[in-house]
Amino acid sequence: MMNKSEQLFAQALKVLPGGVSRNTIFRKPHPFYAEQGEGCYVTDIEGVTRIDFANNMASLIHGHAYPAIVEAVSAQLHKGSCFTMATESEVQYAQLLCDRVPSFDKIRFVNSGTEAVMAMLKASRAYTGKAKIAKVEGAYHGAYDYAEVSQTANPSNWGDVDKPTSIPVAVGTPEKALEDVVVIPFNDTERAINILNQHKDDIACILVDLLPHRVGLIPASNDFLNALHQWTRDNQSLLVFDEVITFRTNYSGAQQNYDVEPDLTAMGKIIGGGFPAGALAGRDEVMKVLDPTEAKVLLPHSGTFSANPVTMTAGYTALKMFDQAAIEKLNSLADYAKEEITKAIADVGIGACVTGAGSMFRVHLKPEPPRNYREAYVDKKESALITKLLDHLFDNGIIMINTCSATLSTAMTTKEIDCLVAALKDGFEM
Ligand code: PMP
């Protein structure tokens, strides 16, 4: 007899490629199907409840079905979900975000992180009149051709560390797109500047995630960032941040922790309050490329569902409640988790470590924290051990992101962290 999930997956295989709509949620032998969520708990269609440390890939800052969002969005749904008109909700939310972040003079809403990064790169090109994009080796920035270059699980494709290869993710990516992406190593200032200097006149922007997940969830160093910023000032280029994930780490995003301000910032995930969202924000002078009142619009840009009032209402409510006090509380909870996991690692005596900042952390089955993408590389042996650990956690009521990363929600307390640490400790002992 097949259970409900097996039956659903058998049906899904007939109508969805591989039975899924997003590869990230695929698990062997089949994905798990959610029935409902409340706070930091999710119940699947088999009736099993687990603590959710994945939070839809870091996008739910208050957990599931947060009452204030449910109430505000329900009221909006009764009034309509989208119009061929602007709404008050987008103005209100734009004001909140611009008040929150010093580098935001203007903001434009879109529908996903991918779209936000894409619009940001195109805005950089429109503003500078240059074509090339510089990005950090291995960093994930969504699915735009130029943004997704340079992530490969195969070390033989990496190329020389002094000139990392521009490797496509998707077969069929145009060669020309690859030529227009300059790859720099993370936190390696000297090498990065040398590489950038070889493309001095052509770089529209340097794209940086301040805490890149795939690079090991380690923060960008001040030295690295200051050097990139100075390089962009010296070479008529822009410094642009991908804060799609990191916006949750501080009141004004992770950029609050650094001395330099970006020209533009892309956001997504938590700013939608649980609904699809993205945004591009930054300096007035640069954001002007989108301005339809200009004599010549350098970047004509629209989106059918952009700034729809459902997302705007949900996002506004989520961020209004994610104030300084809530952020400090959540980040302290993550610090507590990292300390307890580090103790568990020492108690068991396993070669593992934990990285991360703000309300996110990642467990590596490596004795030392990685410093860049090449060191964060998970080989076949480590990958098998991580899968075993994640399965063990799942069987013990814990959902993590598939790199063994966790993102917390304000619905969590030390109780849930203690459950995670106990299950991890058991898992380390296996
Ligand atoms: N940038 C970063 C840093 C991300 O983590 C992601 C998504 N994981 C994206 C961009 C793309 O966002 P989306 O999935 O909403 O398109």
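Values quoted throughout were computed directly from the atomic coordinates according to the rules given, and no laboratory measurement underlies them. None of the values given here were measured: they were computed from a predicted structure. Methodologically, a virtual Cβ is constructed for each residue, glycine included, from the backbone with ideal geometry; neighbour enumeration extends over all protein chains shown.
Quick notes on this structure:
- Peptide ranges 278-290, 39-51, 379-391, 16-28 listed from the most packed, as the mean C-beta count within 10 angstrom indicates: 278-290, 39-51, 379-391, 16-28
- Highest mean first, the peptides 114-127, 246-259 sorted by other C-beta atoms within 10 Å per residue fall in the order 114-127, 246-259.
- The charge dipole of the chain, taken about its Cα centre with unit charges on the Cβ of Lys, Arg, Asp and Glu (plus for the first two, minus for the last two), comes to roughly 660 debye.
- Each of 163, 14 was scored by other Cβ atoms within 10 Å of its Cβ. Listed from fewest to most, they are 14, 163.
- Of 14/380; 343/366; 14/381; 4/380; 14/388, those spanning more than 23 Å from alpha-carbon to alpha-carbon: 14/380; 14/381; 4/380; 14/388
- Taking every DSSP helix (H) stretch of at least 4 residues in the chain, weighting each as -39,500 (n - 2.57) and dividing the sum by the residue count yields a mean residue ellipticity at 222 nm of -11500 deg cm²/dmol.
- With only the Cα atoms considered, the chain has a convex hull volume of 155 Å³ per residue.
- Total lysine pairs under 12 Å (Cα atoms) in segment 67-321, excluding pairs fewer than 8 apart on one chain: 7
- Per-peptide average of other Cβ atoms within 10 Å, ordering 356-366, 176-186 highest first: 356-366, 176-186
- Placing pseudo-labels 7 Å out from each Cα toward the beta carbon at residue 197 and residue 394 gives an inter-label distance of 4.9 nm.
- Whole-Å semi-axes of the ellipsoid equivalent to segment 347-430 (Cα gyration tensor, √5λ, descending): 20, 16, 12
- Long-range Cα-Cα pairs in segment 67-321 (distance over 30 Å), rounded percent: 26 percent
- Residue 14-residue 45 pseudo-label distance in nm [points 7 Å out on the Cα-to-Cβ vector]: 1.4 nm
- Length released on extending from residue 234 to residue 291, taking residue separation times 0.36 nm less the Cα-Cα span: 17.9 nm
- Modelled FRET efficiency - R0 25 Å, residue 105 with residue 170, Cβ distances, 0.05 increments: 0.10
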